[in-house]
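Following: one structure in structure tokens, then a few remarks.
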Amino acid sequence: MKDYKDFLEDVKDGLNAYYGEDGRASVTRVEKNNDVQYYGITIRNTDSNISTVIHMEGEFERFRSEGMLENVIRRVVQFHETHAARFSIDTETIRDYGKMKERLICKLVGYERNKKRLQNLPHIRYLDLAVVFCCDMTREGFGAASFEVQKKLFDEWAIDLETLKEDAFHNAPKIRPAKIRRIEEVLGTLMGENVDALCIPEMYVLTTEQQQYGASGLLYPDVLKDFAKEKACNFYILPSSVHEVILLGDIGNYDPKMMAEMVREINISQVEDIEVLSDGVYYYDRMEERVIRL
């Protein structure tokens, strides 16, 4: 049985045979959040300067069970034709900070888990986390899309970190507005049923309207302050993933150590490695109007 890298080479060759002289598939290594690296297939688009990167782990498992490489090629081609970008990004525009600053948003990641990647990303510390900066490139019909601001681009912009922070913090709440919903509503949407009967404690999920990088809502002005005022209590913050956090009112009967153990177990068993934010538990004090890590 082929190993994963041999499988990727065969898929690449099959794709380039399919596309003929316009061979445009390659094996690529992708670096993701939490210093996670994986190998996948990149297909260069002919009508765009944006390539399609395809995760292949799932296809590898299907290939191991069915043994049909031609089926893999067919599915990858279909995926690419469905999801490939049909527009190009103007690289000169990207190099112009005056044109890009209104696209700036922020993203929260774990500091320790991303130490290697953070060497190449302008960032600021936030508790045991790091705030990195992204440019929102969303186009209608293509979903939420963005790219991280790396050091090379930051240097080309010739600005300082404080300017980057101020512009991102100003724009992010408008580009990716925060949204808080009861956890029953979220679970009901995911499970397709009414979950009120499960007697879930009064928990709320903080994310963005796009449900991407929603933990950054912790940084938005007045989001936590207004929530604490509405609920008339302090609250715990449980990091569900980089895309959302859970808000749990402090009514005096929760053990932070037990909650931290629960967060760690969920991160290990239910959250993808690239989406883990932190194993910690946080606390919002409405009198001091600040978040602390417990």
For the stretch 26-63, what are the residues that are charged (D, E, K, R) and within 23 Å of Asn120 (Cβ to Cβ)? Arg29, Glu31, Lys32, Asp35
Please work out which one of (1) touching a Ser or Thr at 6+ places or on another chain (Cβ under 9 Å); (2) touching a residue at least 40 places away in the same chain (Cβ under 8 Å) is the condition Asn234 fails and give its number. (1)
Within the stretch 2-12, is there a residue that is touching a Lys or Arg at 6+ places or on another chain (Cβ under 7 Å), surrounded by 16 or more Cβ atoms within 10 Å (Cβ to Cβ) and not in a strand (DSSP E or B)? no
So Asp285, is it within 24 Å of Arg113 (Cβ to Cβ) and of a type in the set (D, E, K, R): no
Just a yes or no: is a residue in the stretch 73-83 under 28 Å from Met56 (Cα atoms), polar (S, T, N, Q) and touching a residue at least 12 places away in the same chain (Cβ under 8 Å)? no
Selected residue (criterion: surrounded by the most Cβ atoms within 10 Å (Cβ to Cβ)) from residues of the stretch 56-72 that are more than 22 Å from Val30 (Cβ to Cβ) and without any contact (Cβ under 8 Å) to a residue 24 or more places away in the chain: Asn71
What strands (runs of 3 or more DSSP E) completely inside the stretch 231-287 contain at least 1 residues that are surrounded by fewer than 16 Cβ atoms within 10 Å (Cβ to Cβ)? 282-285
Quick check: is even one residue across the stretch 135-142 in contact with a helix residue (DSSP H, G or I) (Cβ under 6 Å, 6 or more places away or on another chain) and either within 27 Å of Asp35 (Cβ to Cβ) or not assigned by TED's automatic domain parsing to the domain that holds Leu15 (or both)? yes
Residue ID - surrounded by the most Cβ atoms within 10 Å (Cβ to Cβ), chosen from residues in the stretch 143-174 that are outside any helix (DSSP H, G or I) and among the charged types (D, E, K, R): Glu148
Mind listing just one residue for me: the one in the stretch 237-256 that is of a type in the set (Gly, Ala, Ser) and touching a residue at least 12 places away in the same chain (Cβ under 8 Å) and, of those, farthest from Leu219 (Cα to Cα)? Gly249
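The rows are residues; the columns are (1) in the same structural domain as Val149 (by TED's automatic domain parsing); (2) loosely packed, with under 13 Cβ neighbours inside 10 Å.
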| site | (1), (2) |
| --- | --- |
| Tyr18 | no, no |
| Arg29 | no, yes |
| Asp35 | no, no |
| Thr46 | no, yes |
| Ser51 | no, no |
| Ile54 | no, no |
| Arg74 | no, no |
| Phe79 | no, no |
| Tyr97 | yes, no |
Which of the residues that make up the stretch 202-230 are of a type in the set (Phe, Trp, Tyr), farther than 15 Å from Asp285 by Cβ and not in a strand (DSSP E or B)? Tyr213, Tyr220
Matching residues in the stretch 27-53 - criterion: being within 22 Å of Glu9 (Cβ to Cβ) and modelled with pLDDT of 90 or more: Val27, Thr28, Arg29, Tyr39, Gly40, Ile41, Thr42, Ile43
Output for Cβ contacts, cut-off 6 Å, separation at least six or different chains, first residue outside the structural domain of Asn120 (by TED's automatic domain parsing) in the stretch 148-163, second exposed (fewer than 14 other Cβ atoms within 10 Å of the Cβ), reads none
Matching entry among Thr91, Thr138 (being exposed (fewer than 13 other Cβ atoms within 10 Å of the Cβ), modelled with pLDDT under 95, out of contact with any Lys or Arg (no Cβ under 7 Å at 6 or more places or on another chain) and hydroxyl-bearing (Ser, Thr, Tyr)): Thr91
With respect to Asn16, is the statement that it is over 25 Å from Leu108 (Cβ atoms) and out of contact with any Ser or Thr (no Cβ under 7 Å at 6 or more places or on another chain) true? yes
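The values are calculated or read from the model by the stated rules, or taken from the named source; none is laboratory data. Keep in mind it's a predicted model, so treat the numbers as computed, not measured. Cβ: placed from backbone, ideal geometry, glycine included. Neighbour counts: every protein chain shown.
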